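S.K.: Okay, handing you the structure first.
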Amino acid sequence: MNASARRSDAAQNRTRIVEAARAALTESRHVHFNEIAKRAGVGQGTLYRHFPNREALLAEVYRRDVEELVTAAPRSAGGT
């Protein structure tokens, strides 16, 4: 596997982890890392390579939520 394919796989894994965390957090605030890894279809080592602790993962989930809100705000307000 070449370097760009590895980077692409890593980016896909990161996206799946964040999406799995977001889904799990809508169900419960007390979700465990191993549950998020299972939902994302990755091992715990992969999860920890991307997010060394729970706070880092939560910060990324919330960062993406805020980013989506900022992007959607002009449309919601009748802008472009």
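Just so it is clear, none of the values below were taken in a lab; they were calculated from the coordinates. Note that the structure is a prediction, hence the values are computed from the model and not measured. Methodologically, a virtual Cβ is constructed for each residue, glycine included, from the backbone with ideal geometry; neighbour enumeration extends over all protein chains shown.
S.K.: Name the residue farthest towards the positive end of the dipole of the stretch 3-76 from the options ALA56, THR26, ALA10, assuming +1 on Cβ of Lys and Arg, -1 on Cβ of Asp and Glu, about the Cα centre.
M.R.: ALA10
S.K.: Kyte-Doolittle mean at least -1.0 and Cα extent at least 18 Å along the axis: which DSSP H helices of the chain qualify?
M.R.: 3-27, 54-76
S.K.: May I ask you to list the residues of the stretch 27-53 whose amide nitrogen lies under 20 Å from a point 7 Å from Cα along the Cα→beta-carbon direction of VAL66?
M.R.: 51-53
S.K.: Check each of the trypsin sites (Lys or Arg not before Pro) in the stretch 17-46 and keep only those in coil by DSSP with at most 10 other C-beta atoms within 10 angstrom; list them in order.
M.R.: Numbers: sites: ARG22, ARG29, LYS38, ARG39; in loops: ARG29.
The qualifying sites are ARG29.
S.K.: At R0 = 35 Å, how high is the FRET efficiency between HIS32 and ARG7 if r is their beta carbon distance? Nearest 0.05 is fine. Don't skip to the end; give the middle numbers.
M.R.: Working: r = 28 Å, r/R0 = 0.80.
Using R0 = 35 Å, I get an efficiency of 0.80.
S.K.: What size of dipole, in debye to the nearest 20, comes out for the chain about its Cα centre when the only charges are +1 on Lys and Arg C-beta atoms and -1 on Asp and Glu C-beta atoms?
M.R.: In debye, rounded to 20, the chain gives about 200.
S.K.: Under the definition of Cα pairs under 8 Å and six or more residues apart, what whole-number percent is the relative contact order of the chain? Before the final figure, lay out the partial values.
M.R.: On the way: 39 pairs, mean separation 22.8, N = 80.
Averaging sequence separation for qualifying contacts and normalising by length gives 28 percent for the chain.
S.K.: Kindly provide the helix-only [θ] at 222 nm of the chain, computed as the sum of -39,500 (n - 2.57) over DSSP H runs of four or more divided by all residues, to the nearest 500 deg cm²/dmol?
M.R.: For the chain, the value works out to -26000 deg cm²/dmol.
S.K.: Around ALA21, with a cut-off of 13 angstrom between Cβ atoms, what is the net charge of the other residues, counting Lys and Arg +1 and Asp and Glu -1? If you can, show how the numbers build up before the last one.
M.R.: Numbers: positive: ARG14, ARG16, ARG22, ARG29, LYS38, ARG39, ARG54, ARG63, ARG64; negative: GLU19, GLU27, GLU35, GLU55, GLU60, ASP65.
Counting the neighbours of ALA21, the net charge comes to +3.
S.K.: Of the listed peptides 67-77, 41-51, what is their order by residue-averaged count of other C-beta atoms within 10 Å, with the highest listed first?
M.R.: Most protected by this proxy first, the peptides run 41-51, 67-77.
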